[in-house]
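A.B. asks: To start, I am sharing the structure in question, which I have written as structure tokens.
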Ligand SMILES: Cc1cc2nc3c(=O)[nH]c(=O)nc-3n(C[C@H](O)[C@H](O)[C@H](O)COP(=O)(O)OP(=O)(O)OC[C@H]3O[C@@H](n4cnc5c(N)ncnc54)[C@H](O)[C@@H]3O)c2cc1C
């Protein structure tokens, strides 16, 4: 297996880097780098730029609006995306719902949803988890009952990211009690403005609002919004979460930290950081860099298409490593910044730089928020304990 980039790949990398340098709005990149959560209105212009360029949905099949890039080109794009401090747009719609609709959706659903997801006119959230069904997703209780040409849906979802500014939820519902728990689930697209849908915010430990509870009380949804066949939701959910896990290696984001942490150490050395402390931070960074390099090679091996039963285990391993290395990287930043760190978060475009304490690094705001969010990344998309179980169960059968 050859893991070096070809001359064409290097040329592609230059083109992608140039695009981000010229097209990514500077203010957006700054706020992303500072670690703020950005919402739909913050991201609308950036999504339109990516859409116009034809680069908004690299993981979709080309006939549905994807780029047709090779796996290595997709990887290069993700790497440059991270290094440029580019923010993700509508991750659920573009990385999960789109691929599911391309694969399982009726032509009518594809016609209605795919183009608006790309342009940003329709945002999706993901309604899988419930108060008693997270890791054990198959035990979910939200019920969809067929009535004429509609489904009537009742139940509760929780931890629903971005529900407060989404147009639709991809909702996993129980449609059949007579079969095994996994076999009785269906995926239905629920309009968030339908009567009976109530969104309640959950304030997380960082003081921010990104996740919600969603209550569904006799919500009537056209049966045409069912994705694929009735009771086939479990397969679609596995496909969707598989996409999420591969993405969660987060190499672009980790490389971003590998670039900025040395700069941060250099800056802080000029502002009172002792040489001994700097040396210790350099040592921790070197250890992390070795792990990130190894992770990057693992990603490239998966992209090179080394098939086999280990592939499922590899996706889980990438997720575990990516999320845990992000926790380490952001913790290292917090240690370097020391007393400059504040728990404050303020994503509004008008306020941040001016409201910093005197002498504080421009990195300081948002750092705590982001560090806590990386802790959350060890839970969402399937917790790391569950991923370790998958790895063990796959490898012991070899
Ligand atoms: C920030 C954030 C955003 C999220 N966004 C979404 C979203 O948009 N849509 C959505 O549907 N969900 C979302 N989730 C929910 C997420 O998918 C679940 O939190 C996750 O699957 C874990 O489920 P749980 O919270 O019910 O924990 P539980 O399943 O109750 O697990 C509790 C603890 O027990 C451990 N555990 C459970 N079972 C096992 C086992 N068999 N072996 C070993 N350890 C085990 C878990 O690892 C965890 O540490 C989000 C979560 C977070 C934190």
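Taken together, the values in this text are just the output of simple stated rules run on the coordinates, not laboratory data. Keep in mind that this is a model prediction, so the values were computed, not measured. Neighbour counts are summed over all protein chains in view; Cβ atoms, including those assigned to glycine, are modelled from backbone coordinates with ideal geometry.
A.B. asks: Calculate for the chain the 222 nm mean residue ellipticity that helices alone would give, adding -39,500 (n - 2.57) per DSSP H run of length 4 or more and normalising by residue count, nearest 500 deg cm²/dmol.
C.D. replies: Per the formula, -15500 deg cm²/dmol.
A.B. asks: I want to check the label-to-label distance for residue 204 and residue 284. Put each point 7 Å from Cα in the C-beta direction and report it in nm to one decimal.
C.D. replies: Reported label-point gap for residue 204 and residue 284 is 2.2 nm.
A.B. asks: Pick from 378, 198, 267: which residue has the top mean-square fluctuation in a GNM of the chain where Cα pairs under 10 Å get a spring?
C.D. replies: 267
A.B. asks: Full extension from residue 334 to residue 9: what is 0.36 nm times the residue separation minus their Cα-Cα distance, to one decimal in nm?
C.D. replies: 113.5 nm
A.B. asks: Place a point 7 Å from Cα of residue 143 in the direction of its Cβ. Which residues in the stretch 215-229 have their backbone N less than 18 Å from it?
C.D. replies: 215-221
A.B. asks: With the alpha-carbon atoms as the only input, what is the per residue convex hull volume for the stretch 113-200 in Å³?
C.D. replies: Taking the convex hull of the Cα positions in the stretch 113-200, it is 110 Å³ per residue.
A.B. asks: Just the C-alpha atoms of the stretch 7-122: what Rg/Rh do they give, with Rh taken as the Kirkwood radius?
C.D. replies: For the stretch 7-122, the value is 0.97.
A.B. asks: Separate question: On a 0 to 90° scale, report how tilted helix 71-83 is relative to the longest principal axis of the chain, with both axes built from alpha carbons and the result rounded to the nearest 10.
C.D. replies: The helix 71-83 is inclined about 60 degrees to the chain.
A.B. asks: Let me ask another. What FRET efficiency comes out for the pair residue 121/residue 23, r = Cβ-Cβ distance, R0 = 22 Å, nearest 0.05?
C.D. replies: That gives a FRET efficiency of 0.60.
A.B. asks: If the chain between residue 218 and residue 70 were fully stretched, how many nm would it gain, using 0.36 nm times the residue separation less the Cα-Cα distance?
C.D. replies: 48.8 nm
A.B. asks: Counting only Cα, what are the radius of gyration and maximum Cα-Cα distance Dmax of the chain, in Å?
C.D. replies: 21.7, 73
A.B. asks: Compute the acute angle (0 to 90°) between the alpha-carbon long axis of helix 384-395 and the principal axis of greatest extent of the alpha-carbon atoms of the chain; round to the nearest 10°.
C.D. replies: With rounding to tens, the tilt is 80 degrees.
A.B. asks: For 330, 95, what ranking results if the residue with the fewest other Cβ atoms within 10 Å of its Cβ goes first?
C.D. replies: Result, fewest neighbours first: 95, 330.
A.B. asks: While we're here: Sticking with the crude label model, points 7 Å out along Cα→Cβ, report the distance from residue 194 to residue 266 in nm, one decimal please.
C.D. replies: Reported label-point gap for residue 194 and residue 266 is 5.5 nm.
A.B. asks: Which of 178, 279, 294 moves the most in a Gaussian network model of the chain with Cα springs under 10 Å?
C.D. replies: Highest fluctuation among the options: 178.
A.B. asks: Something else about it: With the cut-off at 15 Å, report for the stretch 102-148 the share of all Cα pairs above it, as a whole percent.
C.D. replies: Every Cα pair in the stretch 102-148 considered, those over 15 Å come to 65 percent.
A.B. asks: Find the Cα radius of gyration of the stretch 219-328, compare it with 2.2 N^0.38 Å by division, and give the number to two decimals.
C.D. replies: This ratio for the stretch 219-328 stands at 1.56.
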